[in-house]
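This report concerns only the one structure given below.
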Amino acid sequence: MDMMSVALGAGPFNTGLPSAASGSDLHSTHSAISSTGPTTWAATSTSSLTSLNDYTNYPLVRQADRTYLRDPENSYPLPCDLPEIHRQILRSLMLMRVFGGPFCNQSLSDRPPKRVLEIACGSALWSGMCHDYFSRQGHHDIAFYGIDLVNIAPDLRKKGVNWQFKRHDLRKPRLPFPDDYFDFIFIKDAAMCPLSAAAQAQGLSEPLRVLRSGGVIEVWDSDSVFRSLLPNPAPARKLASKEQETADATATYTFTSATPFTNAQNKFLQNYNSWLEKAFDDRKLTSLPCATIALAFSSEVDLLGNVESRRIAIPLGEPRWEREGGKDGSGPRRQLTSDQLSIRRTALLTVIQMIEGMEPILMEASGKSRDEWDRWWTAMISDLFQKGGLANGECLEVSAWWAQKK
């Protein structure tokens with residue numbers, strides 16, 4: 001079995017969620033899952049992260065047993081530590097499963113790039129997986145570049161990748177590369193990375209500057225607040241055969257702006273949504289990056305052609321209307337396979353880990369004391385994992401956009 005099949009078919013997707021209702025149990029669970037993950041890329045990436053404890057090299061600070069950036073001018077809300085990198089690895093593997101591979105633009109399979117840039121590369125798991133994908137197609141002469149504020153990526157050259165890393169603060173106005181340099185630029189989960197006002201105004205213009213004519217840009221991200229998918233949504237559009245096969249295999253829902261959603265019905269996710277929006281507003285971050293990214297692509301009509309997107313809702317549990325057969329009980333009852341259930345459990349686990357990682361800013365926004373927060377957290381875990389609190393279609397919304405530079 002090839003590495004991509006191992007990574008996207010087995011491993012963390014077949015691990016159940018904890019039954020206990022404490023944050024420490026979640027810590028130990030996701031550490032165990034990730035540290036025994038199925039891919040050598042994940043193992044190599046995580047093994048390189050012990051350098052994060054070196055406070056002389058990185059602007060980091062310990063807070064509530066987690067490690068965060070201590071730069072007062074950088075409002076990045078998530079930790080910079082091993083548990084967070086484990087979460088990102090799980091999320092990346094899950095996204096590659098529901099999108100059907102390391103990228104959505106199928107033209108890349110026929111016309112492989114020569115130079116690839118991963119912006120906000122983190123552990124560089126995506127670059128390693130993308131290298132493996134092209135290598136299996138017989139393409140071995142692709143150069144990969146990664147940029148990020150902190151270098152936590154392993155040296156992929158030891159795994160046979162033509163790899164270069166550049167440390168770069170995305171708040172700077174220019175990327176450290178010449179014009180028209182790359183054939184493929186990939187950006188994933190970068191919406192929480194703070195940008196300067198000038199960089200925000202530029203949108204995609206700087207990545208497009210370093211992308212050659214005919215090159216491809218692809219962006220993946222997810223909204224940080226949650227909604228509930230209404231019962232039995234109609235297909236958003238006629239999907240290509242491969243997309244339909246992936247949607248069917250993963251029990252996910254492709255949606256558009258016309259797909260019916262409602263506000264999250266779970267009271268704990270309602271709490272989280274309100275606190276997160278307040279915390280992000282205070283830090284000038286967006287909790288709904290998908291709308292911003294879609295606007296950035298549409299605003300570059302003079303430079304971009306063949307703009308496409310795919311938006312997927314991953315239920316965080318088993319909605320009541322799936323089990324009961326629609327609004328009136330007369331529709332088909334959905335029986336999920338163990339693999340489909342494990343994708344949803346992985347989505348939920350990464351969401352819970354994200355909430356845990358943003359505990360300091362959420363506590364501040366909620367006004368709760370430590371004891372009050374701990375009681376809320378314990379009640380939330382019990383509700384989501386033991387009491388069927390996600391039966392109303394609460395979901396993680398993930399999106400991809402891709403286009404070709406004219």
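At-a-glance table
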read-out	value
Residue check, TYR272 within 19 Å of the chain's Cα centre (by Cα) and at pLDDT 95 or above	yes
Count of region 378-402 residues which are open to solvent by 20 Å² or more (accessible area, probe 1.4 Å) and among the aromatic types (Phe, Trp, Tyr)	1
Checking SER399 against (1) closer than 30 Å to GLY305 by Cα; (2) assigned to a loop (DSSP other than H, G, I, E, B), the condition it does not meet	(2)
Test: residue in region 266-279 that is over 28 Å from GLY203 (Cα atoms), out of contact with any Phe, Trp or Tyr (no Cβ under 6 Å at 6 or more places or on another chain), open to solvent by 70 Å² or more (accessible area, probe 1.4 Å) and not in a loop (DSSP other than H, G, I, E, B)	yes
Residues that are open to solvent by less than 30 Å² (accessible area, probe 1.4 Å) and part of a helix (DSSP H, G or I), drawn from region 227-263	THR246, ALA247, THR250
Options ILE119, ILE142; residue that is over 17 Å from SER92 (Cβ atoms) and modelled with pLDDT of 95 or more	ILE142
Members of region 88-140 that are closer than 23 Å to PRO178 by Cβ, assigned to a loop (DSSP other than H, G, I, E, B) and touching a residue at least 60 places away in the same chain (Cβ under 8 Å)	PRO113, LYS114, ALA120, ALA124
Residue count, region 295-322 (criterion: over 26 Å from ILE361 (Cβ atoms), in a helix (DSSP H, G or I) and touching a residue at least 12 places away in the same chain (Cβ under 8 Å))	4
First in region 151-173 and closer than 17 Å to ASP141 by Cα, second anywhere and open to solvent by 40 Å² or more (accessible area, probe 1.4 Å), Cβ under 7 Å, 6 or more apart	TRP163/ARG157
Condition broken by TRP163, with the remaining ones in (1) closer than 18 Å to SER92 by Cβ; (2) in a loop (DSSP other than H, G, I, E, B) satisfied	(2)
PRO319 vs. criteria farther than 30 Å from GLU73 by Cβ, surrounded by 17 or more Cβ atoms within 10 Å (Cβ to Cβ) and touching a helix residue (DSSP H, G or I) at 6+ places or on another chain (Cβ under 7 Å)	no
Selection status of ILE381, β-branched (Val, Ile, Thr) and in contact with a Phe, Trp or Tyr (Cβ under 7 Å, 6 or more places away or on another chain)	no
Residue within region 126-133 that is on the phi < 0 side of the Ramachandran plot, in contact with a Gly (Cβ under 9 Å, 6 or more places away or on another chain) and either open to solvent by 10 Å² or more (accessible area, probe 1.4 Å) or modelled with pLDDT under 95 (or both) present	yes
Residue check, GLU356 open to solvent by 60 Å² or more (accessible area, probe 1.4 Å) and either under 22 Å from the mean Cα position of the chain (by Cα) or free of Cβ contacts under 8 Å to residues at least 12 places away in the same chain (or both)	no
Filter result (within 19 Å of the chain's Cα centre (by Cα) and either modelled with pLDDT of 95 or more or among the basic types (Lys, Arg) (or both)) within region 253-269	LEU269
Residue in region 373-381 that is of a type in the set (A, V, I, L, M), closer than 29 Å to GLN106 by Cα, modelled with pLDDT of 95 or more and not in a loop (DSSP other than H, G, I, E, B) present	no
Hits in region 280-294 (condition: open to solvent by 20 Å² or more (accessible area, probe 1.4 Å), over 25 Å from ALA403 (Cβ atoms) and assigned to a helix (DSSP H, G or I))	ASP281, ASP282
Residue in region 339-352 that is open to solvent by 70 Å² or more (accessible area, probe 1.4 Å), in contact (Cβ under 8 Å) with a residue 40 or more places away in the chain and among the small types (Gly, Ala, Ser) present	no
Positions within region 200-221 being open to solvent by less than 10 Å² (accessible area, probe 1.4 Å) and in a loop (DSSP other than H, G, I, E, B), in sequence order	VAL210
Any hit, region 106-115, residues being crowded, with 18+ Cβ neighbours inside 10 Å, out of contact with any strand residue (DSSP E or B) (no Cβ under 7 Å at 6 or more places or on another chain) and of a type in the set (Asp, Glu)	no
Search result, residues across region 331-369 that are in a loop (DSSP other than H, G, I, E, B) and in contact with a Phe, Trp or Tyr (Cβ under 7 Å, 6 or more places away or on another chain)	LYS368
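The values are calculated or read from the model by the stated rules, or taken from the named source; none is laboratory data. Because the structure is predicted, anything quoted here is derived from the model rather than measured. FYI the Cβ positions are ideal-geometry reconstructions off the backbone, even for glycines, and counts take in every protein chain you see. Just so you know, the surface numbers come from the protein's heavy atoms only, side chains and all, with ligands and any DNA or RNA stripped out. Shrake-Rupley method; radii C 1.70, N 1.55, O 1.52, S 1.80 Å.
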